[in-house]
Structures are given as structure tokens and as C-alpha cells.
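One structure is given below, encoded as C-alpha cells.
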Amino acid sequence: MNNAVGFKAARTNSNRTPDRLLSTKQVVECIGFSRVYIWRLVKENRFPAPIKIGKTRNAWRESEIQGWIDEQDRLSRG
């Protein structure tokens, strides 16, 4: 497996479609936070933890990232 981006995970989201796995780079682009800040939030349990897909490679489930974004939106609007 050369690149996990674009591959489908076995887990499904609420729509019963397979979750896409996002690379760290894709999450950085999507969220707009630095890599370091994302990892700090993960460590503080304030951001979804990635899944390990190789010795040194991690990926995030797209549905979990979208859920986090939706929650931030909900919290910001009171």
C-alpha cells in the first residue's frame, strides 16, 4: 500500500458508506491548523485520534473530522 489517501476503510459512517481515510496533510488543509497544533489537540483529547495504518503512518476517518468540525460549529453558535 503506497498511499492510504483515497482508500476506503472497513468502518462505515452513519450513511452506511465507507469512510475515507485522510492523511495528516489533508487534515491540515481541511482544518487550517498546523500539524503540530493538531497533534497537541489529539494529545489533549480535544481532536479525534488518528488510526495507525503503518509503522510511521497515521490517517483520520473523514467522518470523525467532519463530526469535530460540526461540533465546533455548534459550540461557537451557542
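So, of the residues in the stretch 47-78 that are part of a loop (DSSP other than H, G, I, E, B), of a type outside the set (V, I, T) and open to solvent by 50 Å² or more (accessible area, probe 1.4 Å), which turns out to be farthest from V27 (Cα to Cα)?
Among residues in the stretch 47-78 that are part of a loop (DSSP other than H, G, I, E, B), of a type outside the set (V, I, T) and open to solvent by 50 Å² or more (accessible area, probe 1.4 Å), the one farthest from V27 (Cα to Cα) is G78.
Just one of (1) part of a loop (DSSP other than H, G, I, E, B); (2) at pLDDT below 95; (3) not small (G, A, S) trips up R11, so point out which.
R11 satisfies every listed condition except (1).
Could you list all residues from the stretch 28-46 that are open to solvent by 40 Å² or more (accessible area, probe 1.4 Å) and either part of a loop (DSSP other than H, G, I, E, B) or in contact (Cβ under 8 Å) with a residue 24 or more places away in the chain (or both)?
Once the filter is applied, which keeps residues that are open to solvent by 40 Å² or more (accessible area, probe 1.4 Å) and either part of a loop (DSSP other than H, G, I, E, B) or in contact (Cβ under 8 Å) with a residue 24 or more places away in the chain (or both), the stretch 28-46 yields C30, G32, F33, S34, E44, N45, R46.
The values are calculated or read from the model by the stated rules, or taken from the named source; none is laboratory data. Keep in mind that what you see is a predicted model, and the values were worked out from it rather than measured. Here the Cβ is made from the backbone with ideal geometry for all residues, glycine too, and neighbour counts use every protein chain on show. Areas reflect the complete protein model, heavy atoms only, side chains present, ligands, DNA and RNA absent. Shrake-Rupley method; radii C 1.70, N 1.55, O 1.52, S 1.80 Å.
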